[in-house]
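A short reminder: the numbers here are calculations on the coordinates, not readings from a lab. The model shown is predicted, which means the values in this text are computed figures rather than measured ones. In this analysis, Cβ positions are derived from the backbone assuming ideal geometry, glycine residues included, and neighbour counts consider all displayed protein chains.
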Amino acid sequence: MLMSSVGTSTGDLGLWDVSSGEKLFSRRFHAWKIKNISKTFLVALVKDPHVFVNRVSWSTDGSLFGVAFSKHLVHLYSYRGGSDVHKHLEIDAHVGGVNDLAFSKPNDLHFLITCGNDKLIQVWDVTTGTKQYTFEGHGAPVYSVCPHVKERVHFILSISVNGEIKAWLYDNLGSRFTYDAPGHCCTRMAYSADSKRLFSSGTTKDGESFILEWEESEGYVKRSYKGLGKCSSGVVQFDSSKNQFLVAGDDHLIKVWDMDNTERLTTIDADGDLPACPLVRISRPGTLVAVTANHNTIKILANPFGHELLQPSENISANRLMVLPETLQKLIIDPISTAVSDRATEERNSGTGSPGMVCVGDSADSQDMKPESPAQSRKMLEVSETEIKEPSQYRSLRLNSEVETSGISRLIYTNAGNAILALASNGIHLLWKWSRNENSLSGKATTKVHPQLWQPKSGLLMTNDLTGVTFEEFRPCFALSKNDSYLVSASRGMIFLFNMMTFKKLRAFMPPPPVATCIAFYPHDNNIIAIGTDDSAILIYQARTDQVLTKLKGHSKRVTGLAFSNTLNVLVSSGADAQVVVWNTCGWDKKKSKMLQFPTGKSPSENFHTRIQFHQDQKHFLAVHMTHLAIYETTELNCVKQWVNRPFCAKISDATFSCDSELVYASFVDGGVLIFDASNFHLRYEINPTSNIPSGISSKAYAVAIAAHPQEPNQFALALTDGGVVIIEPLESTGKWGEAPSVDSMSFSSRSFSGL
């Protein structure tokens, strides 16, 4: 049975059998439980009792449909077939009108997403009605929402009435980007029926309507479809079918485009009597079109397959269905071949079918969620085996601290591997040491034994100067000498040299400005230190004599990364100008410079440093940016391999080589961690953000820095925004992070891989 549900301007709700035209269910608006409704809503209802339906939408499996009203409320109904409709949930969702709603299923959690005049996007559990997330950041009422999943990454697009488009992940870290819709007007976005292409429609304040296809990866308009007129009665609405058709209600007509051609394909007048901007829906296979008509009617148009699908009802009227134009019939029939015919026959014989929305609803098709083939199922299974969803799938240890900190900024293992040093955002250094005992014979850092937060008998703390620029502008920096005896550190103020045994401050130098932004010890002499600054210079400092030996000028913006190569006798620097420079350590002259190779459409960010680290071979280095990871050859600065973060994915917060340089550990601002094979950036493991939250850690925490153990290639540590430090290792039964999956299986990973 094919169903349609309709909401009206008087608040009524109806459910029809499309085949027979029989109304199966109807409800007039009323609040279900007054005692659970906010006083704000009741006051609004007294002032103006008129309530209308803004949106109706079905869940993906057709078991629920939701109704968004013009005042505060959302009603959820459960549907079991035929006229079996039951009240499920009433949610007082927004202050003012609820402008749109949609269903989503991230990580098998069933959510309802709503937006409203209060400028908020809310996410609700569809089983209990409890609020899961609130997204705020729009400066105007939110007009529409568009949830989607791409490469296993779930996100939400939202559009406000002033045309501001934002993207959100299911976390509390704010929007991932902001674009402006053409004309800064109300816009509705939707993915094509095959979920591969993104479209939007809208009508400007001048009444000019548009339908656009977006290049979602880069955020620009790819196509603008021609043939729309002026619309004075609202926002032009559109829909799409699997066989590449777009339909829109405009100028008292149904207008049709082939997705790959901006010129209008044809128009359908449906025997007239259509409003200026009718609402229109096309079934996913492209066999049926529903359109609102005058006098509170809905017209159903069908091609031959649509006729066949609707024939089982004996009560069907010969005049009820209108035939699509011949041109459109042929174009719709040919691409779908026998698959749609078989599907229609199956639905007809079984008497069941996925509900299709008319008027303000969307199509629901549960079959689209199934893998297309056994081969695809196997590929999806291969990737799932590399994803860690439970903390029990690895070993972790959160390091205890009695010192109060608001967050960790930097993290490093000592070169001996028996301690971890962290620099907190308040300038305090924390040092955890492991001792030799029966559980840890080596005395190295391990998750098996809790270390001691070490302090000298004097009770001194190594604390940095905080009198310089604001913390938000610059990340603190520090470096350990090769023998772990000395620490050089700066947190936006003066640079301090500490004795690691006594925590005593040996020297303070270089009061800002300029401010130190990165620090590195010269490997052949612990008394020589390279210091990058915010004024684009690199200072070569002699600690023994407290002198600046030379000042290197090669960057145009602040220096963000420094790394020495022992074998090549060079210093490599990176900067906010997206440039890498190679310096000869013999005479400190500039050998070569090159712009970092950013992925297409990406650009360096002034607010995020590019960190660099040498490979174990001392001939290649890893460049870390929030958008991508890359490995470069040092002599010619050629990019050898690159991994590009997907659109809508969380940004990279940090990354590092394992001690043997066979792995790359990368942390993300959503709390996730990816473990790559360094030779080709193939994914070995993906630690899910929810699993990367051991007991006792805030679910909002994420790693701002990551460090690798200097002798154990499968151990790494995370510095968290909640002030904690966590060590992670594979299970003892495996001892390592596994082998790289096949190249084929990578096509289903949540992020993108590319070799150069």
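Observations on the structure shown:
- Separation in nanometres of the label points that stand 7 Å from Cα toward Cβ, at Asp617 and Val95: 6.1
- Added length on full extension, which subtracts the Cα-Cα distance from 0.36 nm per residue, Gln132 to Asn261: 42.3 nm
- Under 24 Å from Lys592, Cα to Cα: lysines that are on another chain or at least 8 residues apart: Lys551, Lys553, Lys557, Lys602, Lys619, Lys641
- Working ranking of peptides 188-194, 587-593 by packing, defined as the average number of other Cβ atoms within 10 Å per residue, highest first, is 188-194, 587-593.
- Potential extension, Ser440-Ser392 segment - 0.36 nm per residue separation minus Cα distance: 15.1 nm
- Summary of packing: across the peptides 559-568, 538-547, the per-residue average of other C-beta atoms within 10 Å ranks them, highest first, as 559-568, 538-547.
- FRET efficiency for the pair Val548 and Ala416, taken as 1/(1 + (r/R0)^6) with r the Cβ-Cβ distance and R0 = 30 Å, rounds to 0.50.
- The ranking of Cys659, Cys477 from fewest to most other beta carbons within 10 Å of each one's beta carbon is Cys659, Cys477.
- Förster radius 60 Å - calculated FRET efficiency between Gln711 and Lys47 (Cβ-Cβ, nearest 0.05): 0.25
- When Thr446, Thr127 are arranged by Cβ crowding within 10 Å, least crowded first, meaning fewest neighbours, the order is Thr127, Thr446.
- 19 Å Cα-Cα threshold exceeded, pairs from Lys33/Lys119; Lys150/Lys196; Lys105/Lys150; Lys196/Lys299; Lys71/Lys166; Lys119/Lys222: Lys33/Lys119; Lys196/Lys299; Lys71/Lys166; Lys119/Lys222
- Burial ranking of peptide ranges 664-676, 88-100, 494-506 (average Cβ count within 10 Å, highest at the top): 664-676, 88-100, 494-506
- For the pair Arg646 and Thr40, the difference between a 0.36 nm per residue extended length and the Cα-Cα distance amounts to 214.0 nm.
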